[in-house]
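Here the structure comes first, spelled out in structure tokens, and everything after it is commentary.
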Amino acid sequence: MQIIIYDDSQEVAIAAATWVQSLIKEKENPVLGLATGSTPIRLYQELVTMHKAGNCSFTNVTSFNLDEYHSINESDPQSYRSFMKANLFDHVDINQDNTFLPTCNQDQNPREQGLSYEKKIKQAGGIDLQILGIGANGHIGFNEPTSSLTSRTRIKTLTQQTLTDNSRLFSENELQPAMAMTMGIATIMDARYVLLMATGKNKAQAVKDMITGAVSANCPASILQMHENAVILIDKEAASMLNDQSYYQWADKQNRKLNDEFGFYHNF
Ligand code: PGA
């Protein structure tokens, strides 16, 4: 794991945007894994700014989102499709026919929908760079604690903690879905690079469990310890419970020296 600690959430967003920009520049047909939630909003703002400045074109990008609520209409303002349109898709030159979310309506079989999503990802050549947030309970996507570490795209019932954490996004008379389709943990692990962003004090315990805890389904994000190219971008508050902060900062300095000498290295 590469752990990089930044002063604040804005710096985290800029760093993540630079990764996305590099992927888009380096690969002819880049495949991006996208996330929703509060954390990536600033990343998307940075990408829109880069795009408007002529520094980032999404014309060849295919994207796959981590998750989508079950039985929600795409046009519903609470759907993750609406979130992606509002925060990124409608502001850049991406071909929206090449943007995918793991949808499943009432009449569809979630198992078949999950399989078909996995197939689509494979057909696109696999995900080059997967953006992730982390839940306060250590979830990635909607893979709640106790999710199988080898799971694939499927339907999940959300935990009470996730429902409570996300209730801030729903008004009183809006129905908050309790089920979602989500990429599985193995689906996420198949991505060539994973970029997990975490900011704020309320993520500090989950970040600590992910980085220094045992690999366990109780903290799904801890599986990233087993990923060859996992990059963890966190601000000081999210890093506040880590014992080895000075080591991570020292290691980051050494990596920057290497980058200065040999260039920023990826193997997308
Ligand atoms: P948040 O959610 O960015 O809204 O905190 C992260 C997540 O649940 O993955």
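The values are calculated or read from the model by the stated rules, or taken from the named source; none is laboratory data. Treat the numbers as computed from the prediction; the structure is a model and nothing was measured. All Cβ positions, even for glycine, are placed from backbone atoms using ideal geometry, and neighbour counts span all protein chains on display. These area figures cover heavy atoms from the full protein model, side chains too; ligands, DNA and RNA do not enter into them. Shrake-Rupley method; radii C 1.70, N 1.55, O 1.52, S 1.80 Å.
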**OP:** Using the structure shown, decide if Leu23 is surrounded by 19 or more Cβ atoms within 10 Å (Cβ to Cβ) and within 16 Å of the ligand (Cβ to nearest atom).
**Re:** no
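Here is a yes/no grid of residues against (1) modelled with pLDDT of 95 or more; (2) more than 15 Å from the ligand (Cβ to nearest atom):
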{"position": "Gln106", "(1), (2)": "no, yes"}
{"position": "Gln113", "(1), (2)": "yes, yes"}
{"position": "Ser116", "(1), (2)": "yes, yes"}
{"position": "Lys122", "(1), (2)": "yes, yes"}
{"position": "Asp128", "(1), (2)": "yes, yes"}
{"position": "Ile131", "(1), (2)": "yes, no"}
{"position": "Ile140", "(1), (2)": "yes, no"}
{"position": "Asn143", "(1), (2)": "yes, no"}
**OP:** Return yes or no: is Val61 buried (at least 22 other Cβ atoms within 10 Å of the Cβ), away from the ligand (no atom under 16 Å from the Cβ), within 15 Å of the chain's Cα centre (by Cα) and modelled with pLDDT of 95 or more?
**Re:** no
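Every residue, every condition in (1) in a helix (DSSP H, G or I); (2) in contact with a strand residue (DSSP E or B) (Cβ under 9 Å, 6 or more places away or on another chain); (3) closer than 27 Å to Ile41 by Cβ, yes or no:
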{"position": "Lys156", "(1), (2), (3)": "no, yes, yes"}
{"position": "Gln161", "(1), (2), (3)": "yes, no, yes"}
{"position": "Glu174", "(1), (2), (3)": "no, no, yes"}
{"position": "Asn202", "(1), (2), (3)": "yes, no, yes"}
{"position": "Val207", "(1), (2), (3)": "yes, yes, yes"}
{"position": "Leu258", "(1), (2), (3)": "yes, no, no"}
**OP:** Please state which one of Met241, Met226 is open to solvent by 60 Å² or more (accessible area, probe 1.4 Å), free of Cβ contacts under 8 Å to residues at least 40 places away in the same chain, of a type outside the set (D, E, K, R) and closer than 27 Å to Ser22 by Cβ.
**Re:** Met226
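Each row is one residue, and each column tells you yes or no for (1) within 12 Å of the ligand (Cβ to nearest atom); (2) at pLDDT 95 or above; (3) open to solvent by 30 Å² or more (accessible area, probe 1.4 Å); (4) of a type in the set (Ser, Thr, Tyr).
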| residue | (1), (2), (3), (4) |
| --- | --- |
| Ile155 | no, yes, yes, no |
| Leu175 | no, no, yes, no |
| Leu195 | no, yes, no, no |
| Lys208 | no, yes, yes, no |
Subject >> Only listed residue being within 13 Å of the ligand (Cβ to nearest atom), surrounded by fewer than 18 Cβ atoms within 10 Å (Cβ to Cβ) and under 17 Å from the mean Cα position of the chain (by Cα), chosen from Asn166, Asn202 >> reply: Asn166
Original post:
Identify, please: which residue in the stretch 124-153 is of a type in the set (A, V, I, L, M) and surrounded by fewer than 21 Cβ atoms within 10 Å (Cβ to Cβ) and is, among those, farthest from Asp190 (Cα to Cα)?
Top reply: Ala136
Original post:
Which ones in the stretch 136-154 are under 28 Å from Glu237 (Cα atoms) and part of a strand (DSSP E or B)?
Top reply: Ile140, Asn143
